[in-house]
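Where a number appears in this text, it was derived from the coordinates with a stated rule and is not lab data. Just so we're clear, the structure is a prediction, and the values are computed from it rather than from any experiment. Here Cβ is always computed from backbone atoms with ideal geometry, including for glycine, and neighbour counts include all displayed protein chains.
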Amino acid sequence: MLADVRQVELETLVAAVGGLLNDAQEQPDSMDESIKVYQTNNHLVEQLRKYLDGQAWLENKRIMELIHGIKKQAITLKDEMPDSPVIEPLGLSDGEANVEVSALFRQTYT
């Protein structure tokens, strides 16, 4: 027969193998659970992607509305402007030097 030390070692190894077999039998359950987690993760990613696409679409729509409003205002202002500017008369006579230079660039639209 086996020595006491060898007998204890054998029992320890048999118990370890038994534990591995139990783990292997439980593994299919953990595989099913991991598949469920993976599917749930994919579902959440899909929902998030749809939400972000919707948000981007709404933001693009808002930007297009703002651009349309700006174009409409620009056309309205363009239609209201006269064809040529009116330069205010300065009432200068030849030889006067005390004239503000910026006055020559002031234009009003009537």
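Structural remarks
- Put a dot 7 Å past the Cα of Tyr51, heading toward its Cβ, do the same for Asp32, and the two dots end up 3.0 nm apart.
- Under 12 Å, Cβ to Cβ, from Leu52 - net charge with Lys/Arg +1 and Asp/Glu -1: -1
- Within the straight-line cut-off of under 23 Å between alpha carbons, the lysines reachable from Lys72 are Lys61, sequence neighbours fewer than 8 places apart in one chain being disregarded.
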